[in-house]
């Protein structure tokens, strides 16, 4: 294996640039003569806008314009649209970038002030006089559809945006009729606030000379944003919109949707013939950044007397917030199949209602439905083991799908192509010393502590059918440029794509450059989300590399006066088989640009484009095991051990993989024990700052022990499975199962998310 080949743990090649100040994040983009924008936001969760008086504010120093929804409608631009509809009954409410007549959540944009400086814009905002007539607010997902709950939209009196079901209703009903044991649990899945290092920032630039819009933005999907801005918002050709996405200081789903402020800066630039920039403040982000999760599920599992899973039913209310964002309806439905877990449950039926609430809209958050699903099934398994008097690990093993059953059609939507689930479980139990747990629990009791251990067998869907494009361009000097339609938010695309190219072309990674995020440079791009980059983007890079080699072979054969079939390529050199006659890649690249040096029918240069779309998704899987110790006097939780066995197929770079797994686990642990967005009865976000919204720190963790058990998939030429969200999917159920296992000995059967010290202490007090 070469030094830079796939599978080698080379450090991230992008880090020297980023660590020495060479990054270019959204707020780093500036243009001559740019203006600054400020958004005036609603202080109310639900209210009619009765009057807006701009007279004084419009005359203040430095102010160029104050824009409202009436201006937007007058200019004829379109609303922000949901990316997909599950059925014809799904309600798509109007969603202009500025509130039209009524506000529906605290922080909704009401007016956009553009001035020479941000301070001038803020001063003008304070001078705007707005009268509101407050209306009752609906903020609790669990009761959103109740008869006496206020309607967010008059057209939907029960607040249901959509109803969708998956699975086998009749078969599931029959399974429960014959079941010997039924376990049922309620799962309030807390809302999360996605806190990134870099707040959202956008720069819009409309050029009246060529009538083109340019948007500088950190995002997941530059090409999709281009399409939406062109076709849905501004009603122009796609070629008239350019999106440039630079470095991204974290996203986790946050930057995957179109935001009102992206529209506002482009629209304002068109009106004023000046670039316009907007950057969020942290407190503003807590109000206006789309948020994650927020479900209420009732789930039950049917089991026979021998412990075999027979069927499962889940009813979920999924909060969409006040509007349906670009991808907001995806998480409740896209990954429902994950509820099947790694088990043979033959019949599953799931019902989901997307519901409106007077809260900030939701969007995908790392895992996008998979952590919630894993938490439900793995918690039900623990409850079943308790009811049966069985060891949870043994009950899992009994119901786990075996490798020889692959491909396996689950009882809910998905068909798994490959995996060794029981091996993952066995390795995880050994790594955490499951057999020795009782001795450790007894020792903890002597110190006045309670100890618990939790297991999670998890699986997720990743990299489903979707088109991706890549270009491999070799210049006259033999140096290589890779253009990709994905966009990195810290995953290490620069490094991994270089490794793929380096392995195929036999060059050092130092000679390769990777460019992403400019819709003018790469025509097709599926972006980054759903753990698809390696599957789709990496496979496209591989195909483009192979296409470059094939063209170079034709060029080399022509120069060497040999048949193409006789040309062999290895370690960066083209050789006539059985001879010592050869040309290096550099030599071939140089001659490829020389006039008259190409064979008939072959264009000059080596500039090869390739696309890839998998025919089916892949299914990363693994086992997480967590051991915790709880102080009953304070409710404080300490993670004593955490192990992960992952199967992400071919491991492209084990160092980067561990980084992704560690980061995902951190976010899963955060939701399990501390993160929670809270709205009061009138719709105010009372967790609107870092003083009120807790996130995990290094001190909240122990060292992670990670082992890979790769089973390559056949769904793509690299054999890779998604890795970016696997850590989060497994962490939430593993940690919660460990906490509940510890508390069970003290008489606490269940605790809701987040299992904060306060909640744990209160539960222990009630039980005692």
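Only the coordinates and a few stated rules stand behind these numbers; no lab work does. Just so we're clear, the structure is a prediction, and the values are computed from it rather than from any experiment. So basically every Cβ, Gly included, is an ideal-geometry build from the backbone, and we count neighbours across all protein chains shown.
Separation of region 404-459 and region 477-499, taken as the distance between their Cα centroids, equals 36 angstrom. What shape does region 607-673 have by the C-alpha gyration tensor, where a ≥ b ≥ c are the square roots of the eigenvalues, rounded means a/c under 1.5, and otherwise prolate means a/b greater than b/c and oblate the rest? Prolate.
As a length-normalised measure over Cα pairs under 8 Å and 6 or more apart, the relative contact order of region 112-239 settles at 9 percent.
If I take every Cα pair under 8 Å that is 6 or more residues apart in the chain, average their sequence separation and divide by the length, what percent do I get for the relative contact order?
Once divided by the residue count of the chain, the mean separation gives 16 percent.
Normalised Debye scattering of region 466-612 at q = 0.14, 0.18 Å⁻¹ gives log10 I(q)/I(0) of -0.64, -0.96, counting only Cα atoms as equal scatterers and leaving out solvent.
Counted over region 148-220 with a bin width of 5 Å, the fraction of Cα pairs per bin, in whole percents, is 3, 8, 8, 8, 11, 10, 14, 12, 8, 6, 5, 3, 2, 1, 0. Orientation-averaged projection of region 569-691 equals 18.2 nm² [convex hull of Cα atoms, one quarter of hull surface area].
Neighbour counts of other Cβ atoms within 10 Å put 112, 252 in the fewest-to-most order 252, 112.
Entry note: region 81-138 has Rg to Rh equal to 1.10, where both radii use alpha-carbon atoms and Rh is the Kirkwood radius. Dividing the radius of gyration of the alpha carbons in region 1-74 by their Kirkwood radius gives 1.30 for Rg/Rh.
Look at 360, 192 and count the other Cβ atoms within 10 Å of each Cβ; fewest to most, that gives 192, 360. With the cut-off at 1.5 for a/c, could you classify region 393-531 from its C-alpha gyration tensor as rounded, prolate or oblate? Prolate.
Please report the base-10 log of the normalised intensity I(q)/I(0) for region 396-454, using a Debye sum with one equal scatterer per alpha carbon and no solvent, at each q in 0.22 (1/Å). Cα-only, vacuum Debye calculation for region 396-454: -0.87.
This ranking places 294, 79 by how few other beta-carbon atoms lie within 10 Å of each, fewest first, which gives 79, 294. Taking a ≥ b ≥ c as the square roots of the Cα gyration tensor eigenvalues, region 296-407 comes out prolate, since a/c reaches at least 1.5 and a/b is larger than b/c. The calculated FRET efficiency for residue 75 paired with residue 423, based on their beta-carbon distance and R0 = 60 Å, is about 0.50. With the alpha-carbon atoms of region 371-473 aligned to their principal axes, the span from lowest to highest coordinate is 64, 38, 25 Å, starting with the largest. Centroid-to-centroid, using Cα positions, region 538-594 and region 70-85 are 52 Å apart.
Distance from the C-alpha centroid of region 309-384 to that of region 721-743: 15 Å, rounded to the whole angstrom. Based on DSSP H segments of at least four residues, each scored -39500 (n - 2.57), the chain has a per-residue ellipticity at 222 nm of -8000 deg cm²/dmol.
Mean sequence separation of contacting Cα pairs (under 8 Å, at least six apart), scaled by the length of region 466-612, corresponds to a relative contact order of 34 percent.
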